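Novice: Next up is a structure, given as structure tokens.
The values are calculated or read from the model by the stated rules, or taken from the named source; none is laboratory data. What you see is a predicted model; the values in this text were computed from it and never measured. Note: ideal-geometry Cβ built from the backbone for every residue, glycine included; neighbour counts use all protein chains shown. Quick note on the areas: whole protein, heavy atoms, side chains included, nothing else; ligands and nucleic acids left out. Shrake-Rupley method; radii C 1.70, N 1.55, O 1.52, S 1.80 Å.
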Amino acid sequence: MNKPKILIARANFPEIVDKLAQHFDVESNQADLLWSKAELINKLQGKAGLFCTSGEPMDAEVIAACPQLKVCASMAVGYNNFDVPAMTRAGVLATNAP
């Protein structure tokens, strides 16, 4: 059985990446590069999930370009980067770290 593919948008503790890799096919940005919106869209192709910070714009353009996306989990407290109405219309679950 194939694991769902996810993207970790920013560097994270190796233990977190390893734990996620037990359940998902993980692509991780351990170099902690800041991607442009176009690069983020490209990286999200084929991904069911995104683990991000407040620096990744999850707006209507990104959501529309990534129809396979099912969940965006922010490791940040806020969700100012999430276009919640666009995510709701697309059926993409949004979470954050309150």
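Novice: Heads up, I need the accessible area for Leu33: 1.4 angstrom probe, whole protein in place, Å², nearest 10.
Specialist: Leu33 has an accessible surface of roughly 100 Å² with all protein chains in place.
Novice: Once R0 is set to 25 Å, what does the formula 1/(1 + (r/R0)^6) return for the Cβ-Cβ distance between Lys70 and Asp18, expressed as a FRET efficiency to the nearest 0.05?
Specialist: Values: r = 22 Å, r/R0 = 0.89.
Working from the Cβ atoms, E equals 0.65.
Novice: In the neighborhood of Glu56, defined by Cβ-to-Cβ distances under 9 Å, what is the net charge if each Lys or Arg adds +1 and each Asp or Glu adds -1?
Specialist: Once positives and negatives cancel, what remains is +2.
Novice: Rounded if a/c is under 1.5, else prolate if a/b beats b/c, else oblate: with a ≥ b ≥ c from the C-alpha gyration tensor eigenvalues square-rooted, which is the range 21-68?
Specialist: Here the range 21-68 falls in the oblate category.
Novice: So what's the net charge close to Glu27: Lys and Arg +1, Asp and Glu -1, counting the other residues with Cβ under 15 Å from its Cβ?
Specialist: Charge balance near Glu27 sits at 0.
Novice: Rounded to a whole number, what % of the accessible area of the chain do carbon and sulfur atoms account for, probe 1.4 Å? The partial results should precede the final answer.
Specialist: Numbers: 3390 of 5710 Å².
C and S atoms contribute 59 percent here.
Novice: What number results when the radius of gyration of the chain, computed over Cα atoms, is divided by 2.2 N^0.38 Å?
Specialist: Scaled against compact globular proteins, the figure is 0.99.
Novice: Using a probe radius of 1.4 Å on heavy atoms only, what accessible surface per residue do you get for the chain? Whole Å² is fine.
Specialist: Using a 1.4 Å probe on heavy atoms only, each residue of the chain averages 58 Å².
Novice: Would you mind computing, in nm to one decimal, how far apart the modelled labels at Leu33 and Ala11 are, each placed 7 Å from Cα along Cα→Cβ?
Specialist: Distance between label points: 1.5 nm.
Novice: Considering only the chain, what is the antiparallel percent among its DSSP beta bridges, to the nearest 5?
Specialist: That works out to approximately 0 percent antiparallel.
Novice: Counting Lys and Arg as +1 and Asp and Glu as -1, what is the net charge of the other residues whose Cβ lies under 15 Å from the Cβ of Leu7?
Specialist: On the way: positive: Lys3, Lys5, Arg10, Lys37, Lys43, Lys47, Lys70; negative: Asp25, Glu27, Asp32, Glu39, Glu56.
Residues close to Leu7 contribute a combined charge of +2.
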